[in-house]
1. Cα atoms only, the chain: Rg and Dmax in Å?
2. Quick check on the chain: helices-only [θ] at 222 nm, where DSSP H runs of length 4 and up contribute -39,500 (n - 2.57) each and the sum goes over total residues. Nearest 500, please.
3. For the Cα atoms of the chain, what angle does the longest principal axis make with the long axis of helix 49-64, in degrees from 0 to 90, nearest 10?
4. Between the helical axis of 9-18 and the dominant principal axis of the chain, each derived from Cα atoms, what acute angle in degrees is found, rounded to the nearest 10?
Amino acid sequence: MNILAVKSSAEAMRAFDSLPKPLRQAIAAAAFAYDPREIAARIAKGRRPETILRGIVRYQRRAAQ
């Protein structure tokens, strides 16, 4: 993710809306700001949404300790 890139909020919302519901819920509840466009790109490259979700949940558990 390029933090210096110009980010359109409309693009981010479209990417967020395109994600599966469990991922949207995990991202919305996360303490860390996930970029939905980056996650959508990972899914487009073949990463399974379940794998990404497990990573988010695992990170949340570690952060809560």
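Throughout, read-outs are computed from the coordinates displayed, never taken from laboratory work. In this text the structure is predicted, and so the values were computed from the model without any measurement.
1. 11.9, 34
2. The helix contribution divided over the chain gives -20500 deg cm²/dmol.
3. Approximately 60 degrees, to the nearest 10.
4. That helix lies at roughly 50 degrees to the long axis.
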